[in-house]
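The values are calculated or read from the model by the stated rules, or taken from the named source; none is laboratory data. These numbers were taken from a predicted model, which means no experiment stands behind them. Neighbour counts run over all protein chains shown; Cβ positions are idealised from the backbone, glycine included.
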Amino acid sequence: MSEEQGLEKLRRDIQYLMDRTAILDCIARHARGHDRHDTDLLTGAYHEDGIDEHGHAINPGPRYAQWANAQHAAGAHLHTHNITTHSCDIAGDTAHCESYVLVMLLNTDQKSARIISGRYLDRLEKRNGEWKIALRRTTVDALLSGDASILKTPYFAQLGYTKGLRDKRDVSYQRPLSLEQTPERW
């Protein structure tokens, strides 16, 4: 391989890695937006003409956050969306991705919980240099329910763990992160 060919391959490899990182960052921002009920993060993950399909609910990307936040608030006290296995096929400015997701939902009674195992099937497009979701379809592959009452026991309370919050009071927004502020605890 000539030096020129080597530099061209290096350029392509770097662009691929930058695109993959930007795509995964978009998907992670979307998950974080869910858990913090951060409308800006959720909305910003979609192109203006993007679409989200969750079962029979089909929402334009710019209105998805309003629907999702209402659904989560009605059925859960807290939740976390955990992106696990992620695959991505990039062809130019279009990417087709499959991201496995584990969603843990603490029910509103704060004594029971649900775990949903599913996948996000996404078509992302790079427009104006930015990767965003053009279409998301969601699967549910398993749904479990269980006891979460340990969160309400004196034993767990004495451990003093920080409690996740659904807004910008959550410690993840604290910049710089420090021990100066007192977070809400279980």
Check off (1) assigned to a strand (DSSP E or B); (2) under 17 Å from the mean Cα position of the chain (by Cα); (3) of a type in the set (G, A, S) for A68 and give me the number that stays unchecked. (1)
Taking the conditions exactly as written (free of Cβ contacts under 8 Å to residues at least 24 places away in the same chain and charged (D, E, K, R)), does D122 satisfy them or not? no
Of the residues in the stretch 104-123 that are of a type in the set (V, I, T) and surrounded by fewer than 17 Cβ atoms within 10 Å (Cβ to Cβ), the one that is farthest from S87 (Cα to Cα) is T108
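Do we find a residue being of a type in the set (A, V, I, L, M) and assigned to a helix (DSSP H, G or I) anywhere in the stretch 82-98? Lay out the reasoning, then the answer.
Of all residues in the stretch 82-98, those of a type in the set (A, V, I, L, M) come to 83, 90-91, 95.
Then keep just the ones that are assigned to a helix (DSSP H, G or I); that gives none.
No: the stretch 82-98 contains no residue that is of a type in the set (A, V, I, L, M) and assigned to a helix (DSSP H, G or I).
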Can you find a residue in the stretch 129-142 that is surrounded by fewer than 13 Cβ atoms within 10 Å (Cβ to Cβ) and over 20 Å from the mean Cα position of the chain (by Cα)? yes
Test G75 against the criterion of being under 21 Å from G118 (Cβ atoms), exposed (fewer than 12 other Cβ atoms within 10 Å of the Cβ) and touching a residue at least 24 places away in the same chain (Cβ under 8 Å), and give yes or no. no
H79 passes all but one of the listed conditions (1) in a strand (DSSP E or B); (2) modelled with pLDDT under 95; the exception is number (2)
Across the stretch 156-171, the tally of residues that are in a helix (DSSP H, G or I) and in contact with a helix residue (DSSP H, G or I) (Cβ under 9 Å, 6 or more places away or on another chain) stands at 2
Would you call A113 in a helix (DSSP H, G or I) and touching a residue at least 12 places away in the same chain (Cβ under 8 Å)? no
Selection over the stretch 14-62 where residues are buried (at least 16 other Cβ atoms within 10 Å of the Cβ) and of a type in the set (S, T, Y) yields a count of 2
Specify which of the listed residues (S99, S172, S145) is polar (S, T, N, Q) and buried (at least 17 other Cβ atoms within 10 Å of the Cβ). S99
For the stretch 133-155, enumerate the residues that are among the small types (G, A, S) and assigned to a strand (DSSP E or B). A134, A142, S145, G146
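Yes or no, residue by residue, for (1) in contact with a Phe, Trp or Tyr (Cβ under 7 Å, 6 or more places away or on another chain); (2) farther than 17 Å from L78 by Cα; (3) small (G, A, S):
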{"position": "R136", "(1), (2), (3)": "yes, yes, no"}
{"position": "T139", "(1), (2), (3)": "no, yes, no"}
{"position": "L144", "(1), (2), (3)": "no, no, no"}
{"position": "L151", "(1), (2), (3)": "yes, no, no"}
{"position": "T162", "(1), (2), (3)": "no, no, no"}
{"position": "S172", "(1), (2), (3)": "no, no, yes"}
In the stretch 78-89, which residues are surrounded by 13 or more Cβ atoms within 10 Å (Cβ to Cβ), over 15 Å from L105 (Cα atoms) and under 15 Å from the mean Cα position of the chain (by Cα)? H86
Test Q15 against the stated conditions and say whether it is modelled with pLDDT of 95 or more, over 12 Å from the mean Cα position of the chain (by Cα) and part of a helix (DSSP H, G or I). yes
